[in-house]
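A short reminder: the numbers here are calculations on the coordinates, not readings from a lab. These figures come from a predicted structure and were not determined experimentally. Glycine also receives a Cβ, built like all others from the backbone with ideal geometry; neighbour counts cover every protein chain displayed.
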Amino acid sequence: MTDRITAEGATLNETLANAAQLLGAQSLDEIAYQFDKEHFRKGAATVKVEAWVKGEEDLAVLRAGRKVVDDAKAWMTDAMKAFGSECRVSARKGGDGRLYVQVLAKEDARLLIGRQGTNIRALQALLEEALKKAGNEDVQLKLDVESPEDGDRRDSRDRGDRGDRGGRDRGRGRGDRGDRGDRGGRGRGRDRGERDGGRRSRGRDRDRDPERDEEVRGAARSAATKVLDGADPIVLDDMNSYERHLAHATVKDIDGVDSRSVGSGSQRNVEIFAAE
């Protein structure tokens, strides 16, 4: 039976780091834990958990996941160098088991994506084949290419600061322009709203993954539950701008918690914290 220990710290991260050290784990993802809820109910200002090292089967899966992440990052980095593209490549394994690879290109993101996404699909197929040849079978992969400018533009819509411009822009970003239909009765606002809600949203829907959407909602709900139980603010895993928007919307419907974006550019994350 795996030994269980009790760890305590000023924050959750500090507590887990203490637990990992006591258990001799090489990284935080090698340990499992549960909160001492009674500790929170007593009004303690610290975080207390019971922690243990995951079982061998879980650790084997974890090591395999690290290998596929390292292999994918190395292959894509070499591929970008071969293309002569100056990029920053990152890779991670999502909670859904899917491998997420992101290429942040300084200048040639459009070229890497290609017309109607032909180039990025080809790169993804090549990467999948390379990973299979390296012994990584049944890899579910999602490749994303963007530029810093793309990330900044999308993130400006996530910050929720559009209301500072009179509330008008909130409708503009969501296709809610129907209130302009009183200009001569020509329904100009309605037409624009239909364009926003129709053609543009259909383009987004083609890339939308319902399973991934539910994973994002589940992660947001799980973090909110932990915060309501007394945990420190929780930062969710890396997400694209649409996923961050989805996480914020999920938290908005849960009383007692709130969310905000932390970080900058495309390296933004959703942080969930107790509402004041």
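Per-structure values
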read-out	value
Residue match in the range 127-148 (condition: among the acidic types (Asp, Glu), within 30 Å of Ala223 (Cα to Cα) and surrounded by 15 or more Cβ atoms within 10 Å (Cβ to Cβ))	yes
Scope the range 91-111; condition free of Cβ contacts under 8 Å to residues at least 40 places away in the same chain and not hydrophobic (A, V, I, L, M, F, W, C); matching residues	Lys93, Asp108, Arg110
